[in-house]
Amino acid sequence: MKAIKDFENKKVLVLGLARSGEAAARLLSKLGAIVTVNDGKPFEENPSAQALLEEGIKVICGHHPLELLDEDFAVMIKNPGIRYDNPMVKRALEKGIPVYTEVELAYRISESPIIGISGSNGKTTTTTMIADVLNAGGQSALLSGNIGFPASEVAMTATDQDTLVMELSSFQLMGVETFHPHMAVITNLMPTHIDYHGTFEEYVAAKWHLQDQMTADDYLILNFNQDLAKDLATKTQATVVPFSTQEEVDGAYLKEGYLYFKGEQVMAADSIGVPGSHNVENALATIAVAKLSGIANEVIAETLASFGGVKHRLQSLGQVQGVAFYNDSKSTNILATQKALSGFDNSKVILIAGGLDRGNEFDELVPDITGLKKMVILGQSAPRLKRAADKAGVPYLEAKDVKEATRIAFEEAASGDVVLLSPANASWDMYKNFEVRGDDFIAAFEGLKGE
């Protein structure tokens with residue numbers, strides 16, 4: 001890593017721990033900062049805070065005292081999930097203290113070029129596809145960022161022979177200043193996280209920080225299926241490389257069943273290892289990055305053909321008695337479930353859906369579920385999903401949890417059918433997160449396989 005002096009002998013407040021806060025605190029300490037960590041979880045229940053204290057880092061746990069900001073802090077590094085209307089963040093900004101997320105730290109110390117991937121849907125899949133293709137082509141690509149590997153932690157050990165392939169959320173991008181990827185992808189932009197950002201326009205503005213520091217020597221890969229992306233393409237200094245499944249563009253595109261880059265055929269669309277029109281878009285974005293990185297067509301085609309998906313994102317689990325199981329627990333909104341369903345013949349699909357009730361009806365899902373063989377519905381949102389199923393003319397059964405739903409779906413299925421967990425809802429009514437929900441589905445599948 002670069003031995004920067006930006007934080008040497010400066011007081012820095014790390015607000016919120018989790019993995020990224022813990023990584024940031026350690027990095028800042030290594031850079032010579034005088035670090036204070038403030039986390040809401042009580043110290044006795046906080047192993048991360050305990051470990052940092054043992055390393056000589058000051059920790060304040062269990063509450064967020066505003067008077068802490070009376071100290072002369074030069075910078076605040078906040079957990080991305082902490083909103084900007086949080087009293088501590090508001091007070092810091094009022095006092096003129098810069099507020100960053102740890103991806104800003106990662107950039108400042110990184111010896112490696114960065115490929116940044118953001119968007120509303122498809123970030124994790126596209127990030128993983130890109131890393132897989134670059135590694136298969138003989139380059140050293142390291143996953144980092146919102147995908148589960150704190151960017152600052154990865155950047156500490158990466159060298160100039162590596163490339164950081166970094167998934168970035170809108171929350172992370174609101175806290176950058178000098179962050180400058182050499183390539184960046186925005187998979188798509190849909191109304192989401194409005195409860196955090198306030199408006200769709202503010203959400204888009206947060207995502208757009210990805211390209212703030214990019215120049216004509218950098219490449220910005222945008223989804224030209226969206227008019228919004230075409231408009232944004234006129235508002236950047238970066239060299240825009242479009243991708244599209246709807247038209248030929250000066251980049252990556254779908255034409256007559258094949259994926260092309262600038263007129264050169266790369267692979268057949270139906271050979272991508274994961275189903276769905278959204279995964280064609282993800283593959284096109286990956287192809288753009290790969291071709292700009294000098295990867296051969298044969299390597300791209302072979303890697304994407306063998307791509308098995310990302311855990312909890314339309315993950316193929318295998319078959320039991322000819323019935324295929326797909327874990328799409330990460331589909332926590334209607335759009336994600338619509339995209340998942342687009343990859344299948346509805347008449348063969350038994351859909352498991354439902355979860356946290358956020359008050360929205362599912363009318364816009366009706367065209368996508370029409371023709372399903374059956375639905376298994378669960379969770380707080382069950383009454384609303386039942387109404388949608390009735391409108392679509394889809395028969396349904398109810399379950400108390402994902403394990404029961406999986407068994408019911410299997411009992412209703414015949415050889416050649418698909419059992420798809422794609423909830424269209426967050427998990428928090430029953431599960432700690434979508435990963436735990438997906439793990440329940442995987443466990444139920446393994447149980448059926450073992451019978």
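The values are calculated or read from the model by the stated rules, or taken from the named source; none is laboratory data. Quick caveat: nothing in here was measured; it's all calculated off a predicted structure. Counting neighbours? That spans all protein chains shown, and the Cβs are built from the backbone with ideal geometry, glycine included. When the accessible area is computed, the model is the full protein with side chains, heavy atoms only, and any ligands, DNA or RNA have been set aside. Shrake-Rupley method; radii C 1.70, N 1.55, O 1.52, S 1.80 Å.
For the chain, just say rounded, prolate or oblate: build the C-alpha gyration tensor, square-root its eigenvalues into a ≥ b ≥ c, call rounded for a/c under 1.5, and beyond that prolate if a/b exceeds b/c, oblate if not.
Here the chain falls in the oblate category.
Remark: accessible surface ordering of PHE434, PHE445 (largest first) is PHE434, PHE445, probe radius 1.4 Å.
Full extension of the chain between GLU8 and LYS235 yields a length gain of 78.1 nm, computed as 0.36 nm times the residue separation minus the alpha carbon distance. Once the Cβ-Cβ distance of ALA443 and LEU53 is raised to the sixth power relative to R0 = 30 Å, the FRET efficiency obtained is 0.25. Site pair GLU67 and LYS95 shows an inter-label distance of 1.3 nm when each label is modelled 7 Å from Cα along Cα→Cβ. Ranking of ARG19, ARG26 by solvent-accessible surface, largest first: ARG19, ARG26 (1.4 Å probe, protein heavy atoms only, all chains present).
Dividing the summed helix terms, -39500 (n - 2.57) for each DSSP H run of n ≥ 4, by the number of residues in the chain produces a 222 nm estimate of -10000 deg cm²/dmol to the nearest 500.
Cross-link check: pairs LYS207/LYS311; LYS339/LYS400; LYS78/LYS123; LYS235/LYS432; LYS78/LYS230 evaluated at a Cα-Cα cut-off of 29 Å; pairs beyond the cut-off: LYS235/LYS432; LYS78/LYS230. Considering only alpha-carbon pairs that sit under 8 angstrom and 6 or more positions apart, the relative contact order computed for the chain is 10 percent. A simple charge model with +1 on the Cβ of Lys and Arg, -1 on the Cβ of Asp and Glu and nothing else charged puts the dipole of the chain at about 360 debye relative to its Cα centre. Using the Cα coordinates of segment 100-148, the gyration tensor eigenvalues translate into equivalent-ellipsoid semi-axes of 19, 16, 7 Å, sorted from longest to shortest. With θ taken as phi - 60° and the Karplus curve 6.51 cos²θ - 1.76 cosθ + 1.60 applied, the whole-hertz 3J(HN,Hα) list for segment 140-148 is 9, 10, 10, 5, 7, x, 5, 7, x Hz, x standing for glycine and proline. Apply the a/c threshold of 1.5 to the C-alpha gyration tensor of segment 1-126 and tell me whether it is rounded, prolate or oblate. Rounded, because the longest to shortest axis ratio a/c is under 1.5.
Counted residue by residue at 0.36 nm each, then reduced by the alpha carbon distance between them, the extension gain from GLN213 to GLU45 reaches 56.5 nm.
Scaling the Cα radius of gyration of segment 131-176 by the globular reference 2.2 N^0.38 Å produces a ratio of 1.19. Summing +1 for each Lys or Arg and -1 for each Asp or Glu among the other residues whose beta-carbon sits under 14 angstrom from that of LEU351 gives -1.
Net charge of the neighbourhood of ALA49, taken over other residues with C-beta under 15 Å away and scored Lys/Arg +1, Asp/Glu -1, is -2.
Bridges between two residues of the chain, per DSSP, are antiparallel at a rate of about 20%.
Overall shape: oblate for segment 103-306, with the ratio a/c of the largest to smallest alpha carbon gyration tensor axis at 1.5 or above and b/c at least equal to a/b. In segment 294-405, the convex hull through the Cα atoms has an average projected area of 8.6 nm², a quarter of its surface area. Projecting the Cα atoms of ALA399, GLN211, VAL376 onto the dipole axis of the chain, where Lys and Arg carry +1 and Asp and Glu carry -1 at the beta carbon, places ALA399 farthest toward the positive end.
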